[in-house]
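In what follows, a single structure is set out as C-alpha cells and then discussed.
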Amino acid sequence: MLKSFQYGGQAVIEGVMMRGPKDLAVAVRKPDGSIIVDKQDLPSWSKKFLFLKKPILRGFLALLESLVLGIKALSFSAGQAADEEEEELTAKEIAITIFIAFGLAIALFVVLPTWGAQFVARSQNEIWKNIIEGVMRISVFLIYVMSISRMKDIQRVFQYHGAEHKVISTYEAGQDLEVSNARSYSNLHPRCGTSFLLIVMVLTILMFSFLAFDSLFWRILSRILLMPLVAGIAYEIIKYSGKNADKKWVKIISTPGMWLQKMTTREPDDSQIEVAIQALEAVLASETAAEELTAEQDQSICVRGEGTC
C-alpha cells in the first residue's frame, strides 16, 4: 500500500531523523539507553514562494533544505549521543558549514575529475573526454564511500541508515510499526539519497557531453553552474522511481543505485530499529492530529447545518 506522502529520513549519530509533510523528528539513543526525540516544525521556502514547487526547482530546493536540516540534526544527535548539552547552531554557523561542505564536494567531485580528464584525455574528442571525466567522478565517489565505510563510527551510522529504510518500508507496506515487522524488510530503498547521488553522476556524463571547452577553468565553471539543474532532474527521477517502484523497467534502472546502497547501509540491530520507529511515529502523530482536527471541524460545520454531511 503506497502512501500519498513520501516520508524520508537520514541517519545521524546514534539515531535517525525523519521528515513528514509539516515537521521533522530526530530520535537519538543516549548513553544510558533511553531514547530522546526532538520534534520541530518543518520550514519550507516553497510555502512562501509557490514557484519553487515547480519541477526541477523543487529538487534543488529539497537538496538545500536537506543540507541545512541534516547539519542541524547531526549537531543535535552528536550532543545527545555524548550526553552533553549542545547549543543549537546559529544561521551563520550553518552557512559556514554548508559553504565548507560544498567547497570540499566541488574540489573532490568536480575539480579533481575534470582536471584528471583534461590531463589524461587531452588528445581525445569532447565526448570521450566527458565520458572519461564521468567515470573518474564515479570512481572517486566509490573510493570515498569505501574509505569512510571502514571507520567504526560510520559503520554505526550505516546501521541506522538501514534501520531508517526498514521502518519506512514497513510503513509504506501498511504494517504496524513494530520491530518484528521492520526486521523482515530490506536495508535498501528506491528513494535513498545514495541512489540520488549515483543518478546525479550518470546525468553529468550525459549532460556534460554536449559541452565543449578547451579551457580547464571554463570546463570546471560550467560543471558548477549546471549542478542545480542536474540535481533538479535527478530529484524528479528518484521521486518518480519511488512512486513506480513496482514497474519492471523502473526496477531495472534503479538496480545500480540499490547495489550502491549495499555500501552505505548495514544490518541494524533491534535497538536501532526501535529508534527509527520512534522518529517516524513522532512525525506521523502530527499528521494524525491534523486529520482529527479537520474531521472535528467538518463535523462542527455539519452540526450547524452549514455543509453537506
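The values are calculated or read from the model by the stated rules, or taken from the named source; none is laboratory data. Keep in mind that this is a model prediction, so the values were computed, not measured. So basically every Cβ, Gly included, is an ideal-geometry build from the backbone, and we count neighbours across all protein chains shown.
Some points to look at:
- Close pairs (8 angstrom Cβ cut-off, 6 or more residues apart or separate chains): under 15 Å from residue 80 (Cβ atoms) in segment 16-43, of a type in the set (Phe, Trp, Tyr) and at pLDDT below 95 anywhere: 26/76; 28/76; 38/76
- Residue within segment 284-301 that is within 22 Å of residue 168 (Cβ to Cβ), at pLDDT 75 or above and of a type in the set (A, V, I, L, M, F, W, C) present: yes
- The residues listed here are 165, 161; of these, the one that is touching a strand residue (DSSP E or B) at 6+ places or on another chain (Cβ under 7 Å), within 20 Å of residue 188 (Cα to Cα), surrounded by 15 or more Cβ atoms within 10 Å (Cβ to Cβ) and modelled with pLDDT of 90 or more is 161.
- Screening residue 90 with (1) among the hydroxyl-bearing types (Ser, Thr, Tyr); (2) more than 27 Å from residue 266 (Cα to Cα); (3) touching a residue at least 12 places away in the same chain (Cβ under 8 Å) gives one miss only, at (3).
- Of the helices (runs of 4 or more DSSP H) entirely within segment 179-251, those holding at least 2 residues that are within 30 Å of residue 99 (Cα to Cα), more than 21 Å from the chain's Cα centre (by Cα) and in contact (Cβ under 8 Å) with a residue 60 or more places away in the chain occupy 193-208, 216-243.
- Considering residues of segment 19-44 that are over 19 Å from residue 79 (Cβ atoms) and of a type outside the set (Gly, Ala, Ser) only, the residue nearest to the chain's Cα centre (by Cα): 19
- Check on residue 212, aliphatic (A, V, I, L, M), out of contact with any Cys (no Cβ under 9 Å at 6 or more places or on another chain) and over 29 Å from residue 52 (Cα atoms): yes
- Residue match in segment 178-189 (condition: farther than 30 Å from residue 211 by Cβ and touching an Asp or Glu at 6+ places or on another chain (Cβ under 6 Å)): yes
- Of all the listed residues (104, 50, 64, 74), the sole one being at pLDDT 80 or above, surrounded by fewer than 16 Cβ atoms within 10 Å (Cβ to Cβ), farther than 20 Å from residue 229 by Cβ and not basic (Lys, Arg) is 104.
- Screening segment 168-178 for residues that are in contact with a helix residue (DSSP H, G or I) (Cβ under 8 Å, 6 or more places away or on another chain) and assigned to a helix (DSSP H, G or I) and picking the one that is surrounded by the fewest Cβ atoms within 10 Å (Cβ to Cβ) gives 169.
- Out of 225, 216, one residue alone is within 18 Å of residue 59 (Cα to Cα), at pLDDT 85 or above and hydrophobic (A, V, I, L, M, F, W, C). It is 225.
- In segment 117-128, residue modelled with the lowest pLDDT [restricted to those that are crowded, with 17+ Cβ neighbours inside 10 Å and either within 22 Å of residue 199 (Cβ to Cβ) or in contact with a Leu (Cβ under 7 Å, 6 or more places away or on another chain) (or both)]: 118
- Counting only residues that are closer than 16 Å to residue 168 by Cα and loosely packed, with under 14 Cβ neighbours inside 10 Å, segment 227-242 holds 0 of them.
- Residue list for segment 129-146, filter: buried (at least 17 other Cβ atoms within 10 Å of the Cβ) and either in contact with an Asp or Glu (Cβ under 7 Å, 6 or more places away or on another chain) or under 22 Å from residue 70 (Cα atoms) (or both): 141
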